[in-house]
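The values are calculated or read from the model by the stated rules, or taken from the named source; none is laboratory data. Keep in mind the model is a prediction, meaning the values are calculated, not measured. Counting neighbours? That spans all protein chains shown, and the Cβs are built from the backbone with ideal geometry, glycine included.
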Amino acid sequence: MTPSAPLLRFRALRKTIGAGRILLDIDEFAIAAGRCTMLTGPNGAGKTTLLKILAGLEPPDRAFVDYDGTSLPWSAARRRYRREVIYLHQQAYLFDCSVAGNVAYGLHGLGLARAEVARRVAQALDWAGLAHLAPRNARALSGGEKQRVALTRALVLAPRVLLLDEPFTGLDEEARERAGFLIERLKADRVGVAVTSHELPPLARIVDLHLELRDGRLAPPARTQRAANKTHRPADAAPRGRVVYLNTGAQDEAG
Amino acid sequence: MESITQAGGHALVLLFSADPELWNIIGVSFRVSLAAIVVTAPLALVLAFALAYARFPGQRPVVTVVHSLQAIPAVVVGLAVYLMLTRNGPLGDLRLLFTQTAMTIGQIVLGFPLLLALGHSALQAADRRAWETARTLGAPPWRAMLTVMRDVRFALLAAVIAAFARIIAEVGASIMLGGNIQYHTRNIPTAIALETSKGEYAQGIALGIVLLTLALALNFCLSLLHGKGAMR
């Protein structure tokens with residue numbers, strides 16, 4: 001696989017709600033390793049639903065999925081990339097147990113020895129600067145701490161794609177910077193990232209592609225497209241235009 | 001026939017003198033109702049979860065029927081199970097009628113829809129993100145289900161207690177299916193009904209005190225659980 005070839009690609013994705021109202025009608029959407037895609041759009045545009053479909057949490061009416069070079073139906077794809085494509089809620093949901101217990105949750109399903117789980121949890125908490133909170137009940141933490149625990153809980157599973165729902169909402173400037181720095185580190189670790197926002201991207205430098213979801217369709221907004229052209233790109237990124245993140249049939253990424 | 005005051009005093013004597021018949025009645029009640037709730041709870045709660053989280057055609061009417069069945073009269077349940085277990089009924093060969101097993105079956109049938117409906121309400125109110133978070137972290141459906149249930153455990157426990165309180169106090173099904181046989185199938189509610197009809201109030205009052213104490217204890221547990229759930 002080339003450095004920026006799509007890791008996860010959805011084709012002909014369609015989702016209707018209620019009495020057949022089309023919420024999503026997307027020709028193609030892809031996430032590449034080490035790249036960050038920002039999805040914007042008004043409230044109710046379907047950004048969260050799209051992320052949940054990508055994560056395998058909500059069924060589409062129809063979708064074809066390519067994951068890691070293999071084409072699969074949606075139901076098979078979600079089993080295939082279990083623990084590798086992880087969705088994080090806008091407001092982190094933590095289980096009613098300790099911080100360490102939360103971080104260990106996904107590891108328990110890997111068939112690891114108890115000692116190995118404990119070692120990985122301790123390592124992850126150290127990495128995230130949360131070691132001092134390990135025995136605390138996760139529900140008693142502040143909002144920012146909860147977000148960090150949720151992220152650590154996901155990262156301990158070494159995901160290949162992270163889907164972050166409105167990660168910047170409610171954060172102050174400093175917390176946004178920290179979140180942006182973290183996303184840069186994820187990208188450097190070859191993790192594909194998709195983030196949603198109902199406003200313009202607060203941290204343009206981390207975004208490789210900005211798409212707007214409007215009337216169920218994805219398109220690179222003309223105004224932001226110009227901004228994206230100026231966006232910093234990693235040195236190993238493929239030449240622009242070779243990596244097709246989006247093909248709505250209307251507009252391809254500008255070369 | 002003794003006066004109510006005399007009967008009250010006699011009732012206390014019966015309670016504290018380890019009267020064998022009285023304590024046998026109490027034992028039958030707890031044995032039958034605990035067995036019924038142990039069988040009912042896992043089945044009803046798993047089904048309640050499926051009803052709250054699965055999507056299938058006709059889901060709404062099914063939920064409506066389940067919630068309506070909460071109010072099913074105990075005597076109707078007793079009649080239905082009686083017709084199944086009577087010698088000429090489809091399960092007559094099992095010869096279960098007028099046994100504690102028959103009473104347990106009746107209480108299972110009575111408690112199941114109640115626990116299903118209460119469990120469904122509790123799980124429906126659970127934060128959907130619990131399920132989604134568990135699944136996205138790789139939990140298989142059964143583990144994600146246990147995770148959600150753990151998160152609403154106080155509400156589910158309250159549902160189990162409410163169902164237990166209903167079945168241990170019911171009289172209609174127990175009297176039809178157990179037959180109120182002394183030292184065998186006589187439980188607290190059937191004994192109260194019988195002794196009162198004979199004008200023997202002492203045992204009725206003593207058993208009433210046991211039921212009231214149980215109801216108070218269960219209600220106390222329920223309010224504690226509600227408090228714990230609300231604090232989270």
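Here are a few things to note about the model shown:
- When we screen A:Glu177, A:Glu184 for residues that are over 26 Å from B:Gly138 (Cα atoms), in the same structural domain as A:Thr40 (by TED's automatic domain parsing) and part of a helix (DSSP H, G or I), the only hit is A:Glu177.
- Every residue from segment B:81-129 that is assigned to a loop (DSSP other than H, G, I, E, B) and within 30 Å of A:Lys52 (Cα to Cα): B:Ala125, B:Ala126, B:Asp127
- Search result, residues across segment B:45-61 that are part of a helix (DSSP H, G or I) and either exposed (fewer than 10 other Cβ atoms within 10 Å of the Cβ) or of a type outside the set (Gly, Ala, Ser) (or both): B:Leu45, B:Val46, B:Leu47, B:Phe49, B:Leu51, B:Tyr53, B:Gln59, B:Arg60, B:Pro61
- When A:Val193, A:Val149 are checked against the criterion of being within 14 Å of another protein chain (Cβ to nearest Cβ) and modelled with pLDDT of 90 or more, A:Val149 stands alone in meeting it.
- Flag not set for B:Gly58, criterion: small (Gly, Ala, Ser) and modelled with pLDDT of 95 or more.
- When the criteria are applied in full, B:Leu85 meets the requirement of being modelled with pLDDT of 95 or more, in contact with a helix residue (DSSP H, G or I) (Cβ under 6 Å, 6 or more places away or on another chain) and over 30 Å from A:Tyr87 (Cβ atoms).
- Residue within segment A:32-53 that is under 24 Å from A:Leu155 (Cα atoms), more than 12 Å from the chain's Cα centre (by Cα) and of a type in the set (A, V, I, L, M, F, W, C) present: no
- Candidate set: segment B:138-158, residues that are outside any helix (DSSP H, G or I) and in contact with a helix residue (DSSP H, G or I) (Cβ under 7 Å, 6 or more places away or on another chain); chosen: the one farthest from the other protein chains (Cβ to nearest Cβ): B:Val152
- Qualifying residue in segment A:10-32 (condition: touching a Phe, Trp or Tyr at 6+ places or on another chain (Cβ under 6 Å), surrounded by fewer than 17 Cβ atoms within 10 Å (Cβ to Cβ) and touching a residue at least 40 places away in the same chain (Cβ under 8 Å)): yes
- Residue selected from segment A:27-44 under the condition part of a loop (DSSP other than H, G, I, E, B) and of a type outside the set (Gly, Ala, Ser), by the criterion nearest to the other protein chains (Cβ to nearest Cβ): A:Asn43
- Filter result for B:Gln70 (surrounded by 16 or more Cβ atoms within 10 Å (Cβ to Cβ), closer than 19 Å to B:Ser174 by Cα and polar (S, T, N, Q)): no
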